[in-house]
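First the structure, in the form of structure tokens, and then the observations on it.
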Amino acid sequence: MADFLTEEKPVTRALLVGVQTPEMAPGEGAELLLELKELVENLALAVTRTTLVSLRDRQQPKFLIGSGKAAELIAQAKADGADLIVIDEELSPAQQRNWEEESGLAVIDRQEVILEIFADRAQTREAVLQVALARMEYSLPRLTRAWSHLSRQRGKGRLGGEGETQLEQDRRLVRDRITHLKSELARVISQRATQRRRRQRTPVPGAAIVGYTNAGKSSLLNRLTGAGVLAADKLFATLDPTTRQLVLPDGRKLLLTDTVGFIRRLPHRLVEAFKATLEEVVVSDFLIHLLDAANPNVEQHQATTLAVLGEIGASGRPVVTVFNKIDAVDPRVLARLRAQHPAALFISVHTGEGLDPLQRRLQELAVDNQESVNLLIPHARYDVVARLHEAGQVQSQESVDEGVRLSGRFPQKVAALYRPFVVAPAKPRRRRSAR
């Protein structure tokens, strides 16, 4: 990664460059540029200027944009006293190198900004490893940016053989680091998978809260369960999934998981790196798609989340669409959203409005996830009877000669437990009429 964010050489002034391509919807480049500004400010950098560049034809191989426009932007950055230029497009290693050689400034793209934010916010061992791996893979083809003495040779010794250049050594060290990180991450993922299997053996349905970053997912988890998860008004405040138990109005229990937020143009390497974390979404019984109703780009945020869900294989899950922050929305905008999304729920985590209907909807989904069955369980399997009392709702139970006749509603997660004992419902006996 570039060294502009290290403690030794802090950079506080940045010129941001947005790009409107022919493939984008009108105004999308400007919206993304505003989002980039918020991302950069999350790194405590001061934005000197934002500039939108329109590409009429196709991307240019040298600078992504035309050479004349690049020279104009470099001159503007220097006139503003900027130390950094941020391009709101993915730059190839060669393009990034060309920008830096031409300007003498640090030049990064949207990917690197997001990677730095993730690195700053990672807390748990898994998140730290995932971010470190993504950064190493991003850095490998860009190592030439970090050195001005690439032609220096090292002799024999621990750092390499005779004639090995500094760049070759660095590449080898980064590859070794990537291998080590993958090995460490595999162990952590294995531990998480074990924990997940234990939870799945627990006959409690699970739901994952998904959505665009800063939609209020952690706040919703805290409000419903008292989880105490960090909930801040900033992008990617939470990277690590947190699961807590929610007791629904009818006494049923639901495992509720807060997940990492999504964002437009989320670097693919981060989607790959966080697939283990996002598996919490894939294995959930249903999803709560939380949207920020007060954000003018809420429709794009919804599309982005659905696209990422499709990419990780979770698009087939039942989804409850929930619009949050209705206390901060213009009534006319709120009326339009209600008309466009008649099946959605509208809440305010801040005021508590709409949370009761949300919990009732979660209760309905938890019930839908259960199956009504009639069972005849042998007397020798009272362990099954006890498990079913813990797992679901036993509606009737009768001891007969053949065993225990039991009927109720039970989660499909424990179907393997009760399936061998399913019987047809007992028919009521006919009473003989008196003559």
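The values are calculated or read from the model by the stated rules, or taken from the named source; none is laboratory data. Not measured: the values here are computed from a predicted model. Quick reminder, even Gly has a Cβ in these numbers, built from the backbone with ideal geometry, and neighbours come from all protein chains shown.
Things to note:
- Residues of region 296-308 satisfying the condition of being more than 17 Å from Ala335 (Cβ to Cβ) and out of contact with any strand residue (DSSP E or B) (no Cβ under 7 Å at 6 or more places or on another chain): Asn297, Gln300, Ala303, Leu306, Ala307
- Among the residues of region 120-131, those that are surrounded by fewer than 20 Cβ atoms within 10 Å (Cβ to Cβ) and in contact (Cβ under 8 Å) with a residue 24 or more places away in the chain comprise Asp120, Ala122, Gln123, Thr124, Arg125.
- For region 18-33, filtering for residues that are of a type outside the set (D, E, K, R) and loosely packed, with under 15 Cβ neighbours inside 10 Å leaves 5.
- Ser315 vs. criteria at pLDDT below 85 and within 17 Å of Val260 (Cβ to Cβ): no
The rows are residues; the columns are (1) touching a residue at least 12 places away in the same chain (Cβ under 8 Å); (2) buried (at least 20 other Cβ atoms within 10 Å of the Cβ); (3) in a helix (DSSP H, G or I); (4) not assigned by TED's automatic domain parsing to the domain that holds Ala30.
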residue: Glu72; (1), (2), (3), (4): no, no, yes, no
residue: Ile85; (1), (2), (3), (4): yes, yes, no, no
residue: Glu89; (1), (2), (3), (4): yes, yes, no, no
residue: Gln96; (1), (2), (3), (4): yes, yes, yes, no
residue: Trp99; (1), (2), (3), (4): yes, yes, yes, no
residue: Glu116; (1), (2), (3), (4): yes, yes, yes, yes
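- Within region 326-335, not a single residue is in contact with a Lys or Arg (Cβ under 8 Å, 6 or more places away or on another chain) and either assigned by TED's automatic domain parsing to the domain that holds Asp258 or part of a loop (DSSP other than H, G, I, E, B) (or both).
- The residue of region 313-349 that is farthest from Gln363 (Cα to Cα), among those that are crowded, with 16+ Cβ neighbours inside 10 Å and under 18 Å from the mean Cα position of the chain (by Cα), is Ala314.
- Taking (1) at pLDDT 75 or above; (2) within 20 Å of Glu126 (Cβ to Cβ) in turn, Ala294 satisfies each apart from (2).
- Enumeration of residues in region 30-55 that are closer than 14 Å to Arg264 by Cα and touching a residue at least 40 places away in the same chain (Cβ under 8 Å): Glu31, Leu32, Leu33, Glu35, Leu36, Glu38, Leu39
- Answer from Leu355, Leu306, Leu287 - the residue that is over 13 Å from the mean Cα position of the chain (by Cα) and either on the phi > 0 side of the Ramachandran plot or not small (Gly, Ala, Ser) (or both): Leu355
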